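The values are calculated or read from the model by the stated rules, or taken from the named source; none is laboratory data. Please read these numbers as outputs of a predicted model, since none were measured by experiment. In this analysis, Cβ positions are derived from the backbone assuming ideal geometry, glycine residues included, and neighbour counts consider all displayed protein chains.
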Amino acid sequence: TAVDKDHIWVETEVKTTCGSCEAQDNCGTSVVAKAFSPKREQLILRCSQEAQVGQRVKLGIQENHLVNASALIYILPLIALIASALGAQAALPLLGLTSELWIIGFAFFITFLCFRWIKSVMQLNTQQRFQPRLLAILPHK
């Protein structure tokens, strides 16, 4: 959308698979998908190559960084939930807290803290590895 000597401004659009589905007119999921998409996001990327406004570009995230981010977001909270529930089940009766509600509450609290920690890790400015990078400037069609 814009170009200067060292940077380009790229506008991305998140598309759902519902746009290409033949059953989208009769599907409740497509109604929800249409309500929340398309979402546009603008990125500022370093660019040493010559680019023009309106040109298409190819963006990407390194595969190992994507796998690490997925594990951080999906697997770590699940492990925290299970481990804290098992730990609470063993430790809380020693404190006289025998109700299962205490175990559930403790497990959810620890999992909440885990999500807060993950959010802070993902928002650090030093975590540029999770940001998309410019892979190529595509030729005009």
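Exactly one residue out of Glu100, Glu41 is among the charged types (D, E, K, R) and at pLDDT 80 or above, and it is Glu100.
From the list Gly87, Gly28, the one residue that fits, being modelled with pLDDT of 80 or more and over 16 Å from the mean Cα position of the chain (by Cα), is Gly87.
When Leu59, Leu43, Leu66, Leu72 are checked against the criterion of being closer than 29 Å to Leu135 by Cα, touching a Pro at 6+ places or on another chain (Cβ under 6 Å) and not in a loop (DSSP other than H, G, I, E, B), Leu59 stands alone in meeting it. Taken together, Glu63, Glu100, Glu50, Glu41 contain a single residue that is touching a strand residue (DSSP E or B) at 6+ places or on another chain (Cβ under 6 Å), of a type in the set (Asp, Glu) and at negative phi, which is Glu41. Confirm whether Ser84 is surrounded by 14 or more Cβ atoms within 10 Å (Cβ to Cβ) and not aliphatic (A, V, I, L, M). Taking the combined requirement at face value, the residue satisfies it.
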